[in-house]
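Data first, discussion second: the structure below is written as structure tokens.
The values are calculated or read from the model by the stated rules, or taken from the named source; none is laboratory data. Values in this document were obtained by computation on a predicted structure and should not be read as measured data. When we count neighbours, we look across all protein chains shown, and the Cβ atoms used for this are built from the backbone with ideal geometry, even at glycine.
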Amino acid sequence: MGEDISEDPTHTGSGSANNTNTEENGETVEGVKYYTLEEIRLHSMSSDAWLIVHDKVYDVTSFLEEHPGGEEVLLEQAGADATESFEDVGHSTDARELLLQYYVGELHMDDRKKENATDENVSNSGESSSSWTSWLIPAIAATVVGVMYRYYLSEHKSS
């Protein structure tokens with residue numbers, strides 16, 4: 001009977017504050033737990049706070065009170081992707097290493113594709129609208145400079 005418990009494929013032994021939630025949620029593939037955005041969104045309270053940073057899922061509940069920026073900063077991002085906020089702050093190497101101890105799994109591949117597809121659509125539409133400005137604005141600036149130069153030369157010749 002004890003053998004059945006030790007062979008449980010959902011046991012991670014991560015030692016996180018919410019180990020029971022970690023075991024109940026997610027899908028394990030090749031030893032890595034994958035969580036959907038819906039599952040991660042459930043962990044958005046001070047008693048249970050998960051973050052996504054670079055498609056990795058972290059249970060930062062036990063770190064809330066220790067966070068130098070205050071727990072409010074983490075709670076604003078809890079249950080969601082905090083990659084942009086994490087990078088904008090410019091965390092140190094030590095902070096990145098500290099984050100590793102709160103690792104519980106990865107963002108599910110299906111949810112990664114949704115996020116990347118949305119990002120691609122935004123960047124593609126941005127590229128097409130800004131591609132004409134990449135040559136038009138310099139062309140207009142060159143024309144204005146040329147006209148001003150001609151005007152300057154014509155004024156100095158007549159003097």
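Pairs linking a residue in the range 99-122 that is within 21 Å of W50 (Cα to Cα) to a residue that is part of a helix (DSSP H, G or I) and modelled with pLDDT under 60, with Cβ atoms under 8 Å and 6 or more positions apart or on different chains, are V104/T22; G105/T22.
Contact map, the range 41-62: residues that are under 14 Å from D81 (Cβ atoms) paired with residues that are in a loop (DSSP other than H, G, I, E, B) and polar (S, T, N, Q), Cβ distance under 8 Å, separation 6+ or inter-chain. Pairs shown: H43/N18. Highlighted here are the strands (runs of 3 or more DSSP E) found entirely within the range 5-123 that include at least 2 residues which are at pLDDT below 90: 27-29, 32-35.
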